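Asks: I'd like to ask you about the structure that follows.
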Amino acid sequence: MSAPLNRLLEHVLEGEPPLGDEVDEVFRRAARLRRRRTQAVLLAGAGTAGLIVVLGYALTATLLSSPPATISPGTADPGDVVAATAPPMPSGVPAPAPVTDGVRTVVEPLLEGRRLRIVPASARRGDGWRQYRIADAQGRSRGTVRVAVFDVRKKWCFPVAADPEACARPDRTGGLEFVRYDDVSDPDRQVRQTVTRRNGEDQVLAVLAAGEVDAGAQRGRPALTGAQVEQVATDERVLDAFDAGEDCDDGCPDFPTPVD
Amino acid sequence: MSGENDTALRDFVTSRLPQLRRSAFLMCGDWRMATELTRATLARMVTDSRRGVVADPDVYAYADLMEACRRRNRRREHVFVASPGAAGVEAESILLLDALHKLTPRCRAVLVLRHWDGFDVDATGAMLDLDEEQVAAYERAGLAALEKMLGESEAAMAG
């Protein structure tokens with residue numbers, strides 16, 4: 001049937017319309033097709049690049065919003081400090097609520113009453129300690145306020161600055177016992193320090209207000225009075241501001257009267 | 001065809017376009033659609049030839065055209081559409097087209113490629129992605145069905 005079918009089909013094709021400029025139209029269409037394919041490739045590339053940017057942004061935002069690293073006990077040295085202020089957050093990412101600094105909450109009102117303030121961004125903290133630079137209304141430095149907690153042994157007693165073997169007899173208030181160690185005899189190195197211990201507990205708190213060194217008797221005065229240092233040291237909120245596991249051991253800043 | 005210049009491509013398009021369009025018409029029964037499908041197939045062939053990815057332009061063009069016709073005309077019901085201004089079409093031609101379009105698209109493609117375009121079994125298999133036995137089977141079945149339908153139609157017209 002091959003030959004007959006071939007001949008039959010020829011009759012079917014009678015009435016075929018003329019070709020016209022079909023060849024040119026084929027090449028015009030090929031040019032359009034090529035442009036569309038090029039655009040598709042470019043769009044796909046742009047889309048891929050955009051996707052990479054979005055994923056990179058999301059990953060970066062996720063990593064930046066992670067909690068800041070903390071100093072593990074026993075690994076910090078005096079140079080290792082962590083800024084107490086929150087790290088900058090990328091826009092569009094909800095910033096976490098600022099961490100409340102319980103020590104600062106107690107200290108700051110006392111400073112304001114004396115027309116002093118904590119120097120912005122000066123707060124430093126480490127395992128078991130907090131420290132703030134203080135300035136007056138004119139921006140002149142007025143020394144530092146330093147607070148620390150220490151884990152002590154059961155047989156620990158309040159130290160005596162002049163005799164390492166002796167024990168001081170503490171005063172008592174509420175469930176706390178404390179000793180003040182103020183020394184303003186040297187106008188260039190004035191310090192006020194109070195050490196507090198909760199009855200029967202192994203955690204001791206030390207609060208120090210140290211005046212600006214070598215600034216003279218007036219400007220070298222500590223930012224807090226002896227009574228205010230005692231007030232801070234016997235405020236339960238200050239002890240509670242530290243985590244149970246915190247201990248100012250290795251890397252602890254100096255205190256004029258050492259606790260351990 | 002890869003690497004050849006536009007002149008060679010234009011020569012190929014000029015020489016193959018009429019036959020491709022006729023094959024498309026036998027596949028779809030509509031000259032306007034046949035023209036459109038042929039134009040699209042050759043445009044793809046030209047574009048891909050310039051990219052150097054066309055090994056055999058005839059196989060590429062007929063395979064693409066048959067696939068395009070198959071996608072556009074899956075249903076077996078056929079409506080013959082003559083070209084605008086064409087003279088009257090003979091009844092026998094309409095009956096043949098109608099019988100052709102009652103076959104499956106693949107069976108119809110085998111008959112068109114083998115008996116209209118004159119390709120051998122190997123080339124037809126390459127264009128339709130079939131092996132030799134499948135091409136032969138489609139061809140036998142298509143011719144038998146076509147002969148039967150045409151015989152019935154002639155008997156009906158004679159009666």
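The values are calculated or read from the model by the stated rules, or taken from the named source; none is laboratory data. Given the structure is predicted, the values throughout are model-derived calculations rather than measurements. So basically every Cβ, Gly included, is an ideal-geometry build from the backbone, and we count neighbours across all protein chains shown.
Asks: Residues of segment B:5-28 being crowded, with 21+ Cβ neighbours inside 10 Å, more than 9 Å from chain A (Cβ to nearest Cβ) and either in contact with a Phe, Trp or Tyr (Cβ under 8 Å, 6 or more places away or on another chain) or not in a helix (DSSP H, G or I) (or both), which ones?
Replies: Result: B:Leu20, B:Ser23.
Asks: Would you point out the residue of segment A:1-41, among those that are under 17 Å from B:Ser23 (Cα atoms) and assigned to a loop (DSSP other than H, G, I, E, B), that is farthest from the other protein chains (Cβ to nearest Cβ)?
Replies: A:Pro18
Asks: Among B:Gly3, B:Gly88, which is at negative phi and modelled with pLDDT under 85?
Replies: B:Gly88
Asks: As an exercise: evaluate A:Ser185 against (1) in contact with a helix residue (DSSP H, G or I) (Cβ under 9 Å, 6 or more places away or on another chain); (2) at pLDDT 85 or above; (3) farther than 19 Å from A:Val107 by Cα and give the number of the one condition it does not meet.
Replies: (1)
Asks: Output the residue which, of all residues in segment B:96-122 that are under 11 Å from B:Ala145 (Cα atoms) and free of Cβ contacts under 8 Å to residues at least 60 places away in the same chain, is nearest to the other protein chains (Cβ to nearest Cβ).
Replies: In this case the residue turns out to be B:Ala99.
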